[in-house]
Amino acid sequence: MRARAAFALTICLAFGAAISPAQQRTQENTGTAPQQPVARSYFIRLIPPRPTFAQDITPEETTLMKAHYAYWSDEFVKGVCLFGGPVLDPKGVYGVLVVKAASQDEATAIAAADPSVKGGLNRIEVAEIRVAFFAKHD
């Protein structure tokens, strides 16, 4: 229960700190844009090599996935990764992460630095995400 509440609070704080599209337009129209790029949120889908990956992972793949976990744990501690984890889809497990970055290119570079991606094991898809609704659950 506490873990879910902490997770929800983390998400609310992370997305609450982001500037809204309306605020961005106002700053752009008035010429009062901030000096530093505005961090946006990006959704990363981590695509494994095969649908059965979670069931038949090899020792070599396990080594890459341990490095993958360590990489994203560090990005989380730095505040770059807002959350992430596996999606337990019966058609095949895949990973999702949400990161803060100044641009899609930056978010893609962050995701591409994942050791499992650099090692050719997993592929990535990256897209900007704007949270319109977020429910707090107790």
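The values are calculated or read from the model by the stated rules, or taken from the named source; none is laboratory data. Just so it is clear, the model here is predicted, and its values are computed rather than measured. Counting neighbours? That spans all protein chains shown, and the Cβs are built from the backbone with ideal geometry, glycine included.
Just for the range 78-97: of the residues that are closer than 17 Å to residue 48 by Cα and among the β-branched types (Val, Ile, Thr), which one is modelled with the lowest pLDDT?
Applying the filter and picking the extreme gives 93.
I'd like the full set of residues that are closer than 24 Å to residue 51 by Cβ, aliphatic (A, V, I, L, M) and touching a residue at least 40 places away in the same chain (Cβ under 8 Å), limited to the range 106-123.
The answer is 111, 117, 121.
Is it the case that residue 111 is modelled with pLDDT of 95 or more, under 14 Å from the mean Cα position of the chain (by Cα) and either under 25 Å from residue 132 (Cβ atoms) or among the hydroxyl-bearing types (Ser, Thr, Tyr) (or both)? Talk me through it step by step, then tell me what you get.
Details: modelled with pLDDT of 95 or more: yes; under 14 Å from the mean Cα position of the chain (by Cα): yes; either under 25 Å from residue 132 (Cβ atoms) or among the hydroxyl-bearing types (Ser, Thr, Tyr) (or both): yes.
It is true that residue 111 is modelled with pLDDT of 95 or more, under 14 Å from the mean Cα position of the chain (by Cα) and either under 25 Å from residue 132 (Cβ atoms) or among the hydroxyl-bearing types (Ser, Thr, Tyr) (or both).
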